């Protein structure tokens, strides 16, 4: 499972609920865990929101592009649900039909590779 979202959107809180309530072992291999346990602090400049609300340009670029091409098995607006509710939605999705987003992304990538490189704005 991949939880993808902007910094401070609640991914780590959702992971904690999943780890506490889902059957089996659920490991968090996310950026927060990596930064906390693997990456020395001097190499971790902080990518989250800053006091005053300004968003660093790298974060702004990532926020614009993180959802391209928009292929998901489940989307959750964490601004309107609690981590517990989000985890329940994930549990329900996992109980449903097999996930297909990675397969659909692979097919899309193969189609793009067959067409060859193109420039943005439709130029080739």
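For the pair residue 110 and residue 91 in one chain, pulling the backbone fully straight at 0.36 nm per residue adds 3.8 nm over the alpha carbon distance. Treating r as the C-beta distance of residue 29 and residue 77 and R0 as 25 Å, the FRET efficiency rounds to 0.55.
Take 75-88, 2-15, 97-110 and order them by the average number of nearby Cβ atoms within 10 Å per residue, most first; the result is 2-15, 75-88, 97-110.
Here, each number is a calculation from the coordinates, and none is a lab measurement. The structure displayed is predicted, hence computed values, not measured ones. Glycine gets a Cβ as well: all are built from the backbone with ideal geometry, and neighbour counts include every protein chain shown.
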